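The values are calculated or read from the model by the stated rules, or taken from the named source; none is laboratory data. A quick note: this is a predicted structure, and the numbers were derived from the prediction, not measured. FYI the Cβ positions are ideal-geometry reconstructions off the backbone, even for glycines, and counts take in every protein chain you see.
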Amino acid sequence: MNARDTTADTVAAEPGAPSMPATVETMLELRQATKKYAGVPAIEAVDFTLRRGEIHALLGENGAGKSTLTKVMAGVVPLSAGQMLVEGRPVQLRTPLEARHEGIAMVFQETSLVPTMTVAQNLFLGQESFFNRLRGVYISAQQFLQSLNFDVDPTATVGMLGAAKKQMVEIARAVLHKARIIIFDEPTASLTPEEKKYFFDLVFDLKARGVSVIFISHALEEALLLADRITVLRDGRHVVTDDKANFDRERIVQAMVGRDLSQTLYGQKKTHVRPQGECLLSVRNLRMAAMVKNNSLSVFAGQITGVFGLVGAGRTETFKVVAGLIKRDFFHGGEILLRGRPVRYRVARQAVRDGIAYITEDRKFEGFFETMSIAQNIYMGLQGKLAGARGLVSGAKARSVGEHWSRLLNVRAIGKDVKVIELSGGNQQKVVIAKSLVQEPDIVIFDEPTRGVDVGAIAEIHAEINRLADAGKAVVVISSYLPEVMALSDRILVAKQGKVVTEFSATEATQEAIMYAAIH
């Protein structure tokens, strides 16, 4: 099917979802859309159509042009060449407000909420009456959030919310503004399985109302579940648009990367594991507030230790204590042994100097300096280890170190001096990883290493994790994605309610056994 086919058509509906009308009207169309930055095209000659009441998945590797394409639709960036039509009318959107007047709303991966305002104030921002009764605003917001099955307090300050609830507020605001076209950029990246179900139900409900939905996701299973049609971009160009029924995971991956990665990502069950080396890290009866409760575990050199658990299992908090990012309880907080030596870190730099690297799950807020270049970010990681490292960053040294690690991890950018915030999500993640690996740690803790990362970058990150273990490093992988844990790990620890409850060898583990241990 041609991406620019705008003729009336019959569209098969998702089983259990509302059926599509017999005739399909084009809501939005891009013709030969091109956007260049500093003369380099982020998207080039892309054709795209969106039908009324359609769920359309937009897929591609990081850097394929997905976000650029949707930002053009949302009025965030203008086209350099080409044309955009809304319901057959040519439009030139210069701001998100102009897009909203055309009935287009975008829910960004990094939320655009005002952190100092309450949830209710953010929902109604721009729609306020001349006279507002705050109590009435809160009541209206609560009723609306409940209608969407979103458990969010309308009186809470947005800055105090977690990532998942901020995402819910973003979604609710788009629905409240009665947008006819809603664009979701990685909408489920921060949601729990239960919250994802509510989101899927919401998307099908929007479709039933005739709202057109575009969503970007790196979870290919979500595209195959939700979408009516799928469009794949590669290197800024349109590759294919087709009905969901004509795709499977292998065809999507092939279109995205031009080669088959299905076996390199989550292939056959492991038949052998790496032998245990020296016990580099031992945690005994660790306690931290209500999140970590008498947790005990060990990590060995030359092995990948996978840590799986549901939300609230205390996985991240345990290893943040290990890395000196948060403190354990002062009394009866347990102990941490590094090569048999008790340690208690007051700040993260002490852990870094002892050879412990923690690679955060939240790259946007904790992983990098967004206004610095790739090389400067990587070099800052090295400065974090050097004793007495203060003052200005050495430009020549930073460039040398940055270029070396950028080549090693295949960080792709349109220029050497580009700011990290301007990179795609997968390349941002590679910079965060390089910023820790430049410290030459002995223990490397990856927290959700491939969240919001495309299949091509996932394969590269997995290869680097395996390389570290093969080189004798003690590697920890915390992941909420069970196939990833099973594909990487030599041994798997299952956490529940603040402590490790079960350990499996990767050769013996099954998804059913791991999930049972995490729940029961």
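Among the conditions (1) over 28 Å from Glu464 (Cβ atoms); (2) at pLDDT 95 or above, Ala289 misses just one, which is (2). Within the range 300-346, being hydroxyl-bearing (Ser, Thr, Tyr) and under 26 Å from Lys270 (Cβ atoms) holds for Thr305, Thr316, Thr318. Within the range 450-464, being of a type in the set (Val, Ile, Thr), closer than 16 Å to Val411 by Cβ and in a helix (DSSP H, G or I) holds for Ile458, Ile461. Looking only at the range 472-520, count every residue that is of a type in the set (Phe, Trp, Tyr) and under 24 Å from Ala323 (Cβ atoms) and tell me the total. Number of matching residues: 1. Selection of the range 200-218 for residues being within 20 Å of Lys165 (Cβ to Cβ) and either of a type in the set (Val, Ile, Thr) or under 14 Å from the mean Cα position of the chain (by Cα) (or both) yields Val203, Phe215, Ser217.
Tell me yes or no: at least one residue of the range 280-296 is free of Cβ contacts under 8 Å to residues at least 12 places away in the same chain, under 20 Å from Val475 (Cα atoms) and aliphatic (A, V, I, L, M). Step through it out loud before you land on a result.
Residues of the range 280-296 that are free of Cβ contacts under 8 Å to residues at least 12 places away in the same chain, as a first pass: none.
So far as the range 280-296 goes, no, none of its residues is free of Cβ contacts under 8 Å to residues at least 12 places away in the same chain, under 20 Å from Val475 (Cα atoms) and aliphatic (A, V, I, L, M).
Quick grid of which residues meet (1) over 28 Å from Leu233 (Cβ atoms); (2) small (Gly, Ala, Ser); (3) out of contact with any strand residue (DSSP E or B) (no Cβ under 8 Å at 6 or more places or on another chain):
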position	(1), (2), (3)
Phe365	no, no, yes
Leu409	no, no, yes
Gln429	no, no, yes
Ile433	no, no, no
Leu437	yes, no, no
Ala459	no, yes, yes
Asn466	yes, no, no
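Is it fair to say Leu206 is free of Cβ contacts under 8 Å to residues at least 40 places away in the same chain and outside any strand (DSSP E or B)? So Leu206 passes the test. Can you work out which of the residues in the range 391-439 that are touching a residue at least 60 places away in the same chain (Cβ under 8 Å) and over 30 Å from Leu59 (Cβ atoms) is surrounded by the fewest Cβ atoms within 10 Å (Cβ to Cβ)? Ranking the candidates gives Gln439 first.
Name the single residue that is farthest from Ala474 (Cα to Cα) among those in the range 415-427 being part of a helix (DSSP H, G or I) and touching a strand residue (DSSP E or B) at 6+ places or on another chain (Cβ under 9 Å).
Here is the first cut: in the range 415-427, the residues part of a helix (DSSP H, G or I) are 420-422, 425-427.
Cutting the leftovers down to touching a strand residue (DSSP E or B) at 6+ places or on another chain (Cβ under 9 Å) gives us 420, 422.
On the way: Val420: 28, Glu422: 32 Å.
Looking at residues that are part of a helix (DSSP H, G or I) and touching a strand residue (DSSP E or B) at 6+ places or on another chain (Cβ under 9 Å), I get Glu422.
Filtering the range 192-199 for residues that are of a type in the set (Val, Ile, Thr) and over 19 Å from the mean Cα position of the chain (by Cα) leaves an empty set. Among the conditions (1) part of a helix (DSSP H, G or I); (2) buried (at least 17 other Cβ atoms within 10 Å of the Cβ), the only one that Arg467 does not satisfy is (2).
A search for C-beta distances below 8 Å between a residue of the range 486-505 that is more than 15 Å from Phe319 (Cβ to Cβ) and assigned to a strand (DSSP E or B) and any residue that is of a type in the set (Lys, Arg) and modelled with pLDDT of 95 or more, counting only pairs 6+ apart in sequence or on different chains, returns Glu503/Arg491; Phe504/Arg491; Ser505/Arg491.
For every residue, the table says whether it meets (1) outside the structural domain of Glu484 (by TED's automatic domain parsing); (2) basic (Lys, Arg); (3) in contact with a Lys or Arg (Cβ under 7 Å, 6 or more places away or on another chain).
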| position | (1), (2), (3) |
| --- | --- |
| Leu310 | no, no, no |
| Ala313 | no, no, yes |
| Thr318 | no, no, no |
| Val321 | no, no, yes |
| Phe330 | no, no, no |
| Arg339 | no, yes, no |
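One residue alone among Gln268, Gln254 is outside the structural domain of Tyr516 (by TED's automatic domain parsing), surrounded by fewer than 22 Cβ atoms within 10 Å (Cβ to Cβ), modelled with pLDDT under 95 and more than 14 Å from Lys499 (Cα to Cα), and that residue is Gln254. Only residues that are surrounded by 20 or more Cβ atoms within 10 Å (Cβ to Cβ) and of a type in the set (A, V, I, L, M) were counted across the range 207-239, and they come to 11. The set of residues from the range 197-206 being surrounded by fewer than 18 Cβ atoms within 10 Å (Cβ to Cβ) and modelled with pLDDT under 85 comprises Lys197, Tyr198. The single residue among Arg173, Arg180 that is surrounded by 21 or more Cβ atoms within 10 Å (Cβ to Cβ), under 23 Å from Pro96 (Cβ atoms) and basic (Lys, Arg) turns out to be Arg173.
Condition check ((1) among the aliphatic types (A, V, I, L, M); (2) surrounded by fewer than 20 Cβ atoms within 10 Å (Cβ to Cβ); (3) assigned by TED's automatic domain parsing to the domain that holds Ile421; (4) modelled with pLDDT of 85 or more) across all residues:
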| residue | (1), (2), (3), (4) |
| --- | --- |
| Gly103 | no, yes, no, yes |
| Gln143 | no, yes, no, yes |
| Gly162 | no, yes, no, no |
| Ser190 | no, no, no, no |
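The set of residues in the range 427-471 that are under 21 Å from Leu325 (Cα atoms) and of a type in the set (A, V, I, L, M) comprises Val431, Val432, Ile433, Ala434, Leu437, Val438, Ile443, Val444, Ile445.
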